[in-house]
Amino acid sequence: MNSVLSKNKLMQEIIQLTTEMETNYQELYKFLDETPLFLSNKKDNEICAADFEKYLETLKDQMLNHIETHSKSNASL
């Protein structure tokens, strides 16, 4: 797969996920500024597809953790 196409696909997934966070999990969305974007160690500091993949996985993990944590706390009420 072309790396530009791959980057575009990953960016679309990131946008969809952050939109879902904004819409359904506002309490999580406000912390996105604190979520690091991992940059590869390239001289030109260009963001590559692997960087987007890591960031997307981080966002997914945060959202799943948030959902699990809040569903557990709501179940105990």
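Bear in mind these aren't lab numbers, they're just calculated from the coordinates by the rules spelled out. All values derive from a computational prediction rather than experimental measurement. All Cβ positions, even for glycine, are placed from backbone atoms using ideal geometry, and neighbour counts span all protein chains on display.
Tabulated results
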| read-out | value |
| --- | --- |
| Neighbourhood net charge (12 Å Cβ-Cβ; Lys/Arg +1, Asp/Glu -1) for Lys7 | -3 |
| FRET efficiency for Leu32 and Ser6, using Cβ-Cβ distance with R0 set to 22 Å, rounded to 0.05 | 0.45 |
| Pairwise label distance in nanometres, Tyr25 with Ser71, each label 7 Å out on the Cα-Cβ vector | 1.1 |
| Distance between modelled label sites at Thr58 and Ile15, nm, 7 Å Cα→Cβ extension | 2.1 |
